[in-house]
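Peer 1: Sharing a structure, written as structure tokens. Questions coming.
The values are calculated or read from the model by the stated rules, or taken from the named source; none is laboratory data. In this text, all values refer to a predicted model and were calculated from it rather than measured experimentally. As a convention, Cβ positions derive from the backbone with ideal geometry for all residues, glycine included, and neighbour counts pool all protein chains shown.
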Amino acid sequence: MSRVASVAGEPDRAAGSTGVATAAAPGLREVARRPGLIRWRERNLMIGGVLILAIVLVAVFAPAIAPRGAQETDYTARLESPNRDHPLGTDNLGRDILSRILHGTRIDLRVGAISVILPFLIGTLLGSLAGYYGGWIDTAIMRLVDVVQAFPFLILIIAIVAVLGPGLSNMYIAVALVAWVTYARLLRGEILVAKHREYVEAARAMGARDARVIGRHILPNVISSALVFAMADVILYIVLAASLSYLGLGARPPEPEWGAMITEGRTFLATAWWISAFPGLAIVLTGIAFSIFGDGLADALRPNRR
């Protein structure tokens, strides 16, 4: 009898063990795949970081690696196509395009950095206040956000710069007055959820002041999405500076800003395409570098990464 029971129980045990193995298999496969997935996510971060580092090094050492000065003219070499002496050609004043692009890297990186930092700080401050305190503070800040967003972004920037006067400094002011709303809305939504978490309640119970709770406990846990968004905004503002320069509201000649160089070459597009084409290519390559880095940063900061 026991023999029959034992024999009858063997298929059940086998089925049970098979069921355990089957249930465990997806988890094992997920673990086996995870290192490769993590490496793939980190690859974008590393590639983008290397590209951005290369661009920064070019900006820092531009005077040393540029074959000529940014404003150095040679009227005997006007509108020369790319050749051995001028690898990217010359413009209508005989200035070396390669040298001007290298020197312009400093200007455009500064444009991207300053244009992002100012609205990021303003948006972080106002979004934190609105999300944490709520009430009339939230209402006032959000109504201000609605007023700013009621106008098209580019049109409002152009209007402010036109009133203040052309130049990159006034562009920084215009961007700071307009672009903060995106960061404020983003962080407000994150803080509305985070302020009810247990670690925030514990910090309050220990007597931490509001400034410490926001700056020390909440922001480090919600700032990642805003940082990823800022990476994408860097190239947006470089393109914006180029657009304003094309309209005569950005960098003023003879500054070797990429957008101003494109504007200077529009008259000669039919005969000297390289004057505008190579600065435009520099903008594209910089945009690719920051886009790859932003994608990698988003993957690296994703909560379910592990």
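Peer 1: Condition first: of a type outside the set (A, V, I, L, M, F, W, C) and part of a helix (DSSP H, G or I). Now tell me which residues in segment 163-199 satisfy that.
Peer 2: Correct list: SER169, ASN170, TYR172, THR182, TYR183, ARG185, ARG188, GLY189, GLU190, GLU198, TYR199.
Peer 1: May I ask you to list pairs of residues, at least six apart or on different chains, whose Cβ atoms are under 7 Å apart, with the first in segment 274-303 being on the phi < 0 side of the Ramachandran plot and the second being outside any helix (DSSP H, G or I) and of a type in the set (A, V, I, L, M)?
Peer 2: Within 7 Å, the pairs are TRP274/LEU88; SER276/LEU269; PHE278/LEU88.
Peer 1: Is segment 133-140 home to any residue that is surrounded by 15 or more Cβ atoms within 10 Å (Cβ to Cβ), in contact (Cβ under 8 Å) with a residue 40 or more places away in the chain and more than 30 Å from VAL193 (Cα to Cα)?
Peer 2: no
Peer 1: Mind counting the residues in segment 281-299 that are under 21 Å from ILE97 (Cα atoms) and surrounded by fewer than 16 Cβ atoms within 10 Å (Cβ to Cβ)? Write out each step before concluding.
Peer 2: Filtering segment 281-299 for residues under 21 Å from ILE97 (Cα atoms) gives 281-287.
Now drop any that are not surrounded by fewer than 16 Cβ atoms within 10 Å (Cβ to Cβ), which leaves 281, 284-285.
Residues in segment 281-299 being under 21 Å from ILE97 (Cα atoms) and surrounded by fewer than 16 Cβ atoms within 10 Å (Cβ to Cβ): 3 in total.
Peer 1: Filter segment 59-78 down to the residues that are modelled with pLDDT under 90, of a type outside the set (Phe, Trp, Tyr) and loosely packed, with under 12 Cβ neighbours inside 10 Å and list them by number.
Peer 2: THR76
Peer 1: Select, from ILE214, ILE235, ILE218, the only residue that is at pLDDT 85 or above and within 21 Å of the chain's Cα centre (by Cα).
Peer 2: One residue alone meets the criteria, ILE235.
Peer 1: Moving to a separate point now. Taking the stated definitions as given, is VAL234 surrounded by fewer than 23 Cβ atoms within 10 Å (Cβ to Cβ) and in contact with a Gly (Cβ under 7 Å, 6 or more places away or on another chain)?
Peer 2: Judged against the criteria, VAL234 is not a match.
Peer 1: Check segment 80-97 and report whether any residue there is loosely packed, with under 12 Cβ neighbours inside 10 Å and either assigned to a helix (DSSP H, G or I) or at pLDDT below 90 (or both). Step through it out loud before you land on a result.
Peer 2: Narrowing segment 80-97 to residues loosely packed, with under 12 Cβ neighbours inside 10 Å: 83-84.
After this cut, where a residue has to be either assigned to a helix (DSSP H, G or I) or at pLDDT below 90 (or both) as well, the list is none.
Looking through segment 80-97, none of the residues is loosely packed, with under 12 Cβ neighbours inside 10 Å and either assigned to a helix (DSSP H, G or I) or at pLDDT below 90 (or both).
Peer 1: Next question, about the same structure. Restricting attention to segment 50-79, which residues are charged (D, E, K, R) and not in a loop (DSSP other than H, G, I, E, B)? It would help to see each step written out before you state the result.
Peer 2: Within segment 50-79, the first condition is being charged (D, E, K, R), and the residues that meet it are 68, 72, 74, 78.
The answer is none; no residue qualifies.
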